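Beneath this line is the structure, given in structure tokens, with notes to follow.
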Amino acid sequence: MKTPGEVLREGELEKRSDSLFQLWKKKRGVLTPDRLRLFPAGPGARPKELRFHSILKVDCVERTGKYVYFTIVTTDRKEIDFRCAGESCWNAAITLALIDFQNRRALQDFRSRQERAAPAAPPEPWPARAP
């Protein structure tokens, strides 16, 4: 079983900014079993976190000569664009970690529903009275 703090992958990827010019900004990504953390290039800056419970899917994978482009779609339908070096396979690593997270969560939900639906043990019968 993977622990939440375990690092599955670490390295460089680029995120497209939300600004008017939509520039690509280099980030250091740290992928764990429950989130993707994005650290800015500058020292001391706080990382941004994309927790898997708020990610719907990894979509729009496109490969060009140098880069792989992909989009992370959040549960509120926000799209966040990324690109990485073709050989780094960040999109595949994030997709596999997301699927693993979703499977673990579905299993936990299933088990909790079973526990709630399990019938209570029948009460102990009353001891028979002596005639």
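What the table shows:
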read-out	value
Check on Ile99, among the aliphatic types (A, V, I, L, M), assigned to a helix (DSSP H, G or I), open to solvent by 60 Å² or more (accessible area, probe 1.4 Å) and at pLDDT 95 or above	yes
Residues of region 48-87 classified as at pLDDT 90 or above, not in a strand (DSSP E or B) and not β-branched (Val, Ile, Thr), total	7
Residues located in region 16-42, provided they are within 22 Å of the chain's Cα centre (by Cα), more than 28 Å from Arg104 (Cα to Cα) and not in a strand (DSSP E or B)	Ser17, Asp18
Failed item in (1) open to solvent by less than 40 Å² (accessible area, probe 1.4 Å); (2) among the hydrophobic types (A, V, I, L, M, F, W, C); (3) without any contact (Cβ under 8 Å) to a residue 24 or more places away in the chain, with Ile94 passing the rest	(3)
Of residues in region 79-119 being polar (S, T, N, Q) and closer than 16 Å to Arg37 by Cα, the one nearest to the chain's Cα centre (by Cα)	Thr95
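The values are calculated or read from the model by the stated rules, or taken from the named source; none is laboratory data. Not measured: the values here are computed from a predicted model. No Cβ is skipped: glycine too gets one built from the backbone with ideal geometry, and neighbour counts run over all protein chains shown. Surface areas here come from the heavy atoms of the whole protein model, side chains and all, with no ligands, DNA or RNA. Shrake-Rupley method; radii C 1.70, N 1.55, O 1.52, S 1.80 Å.
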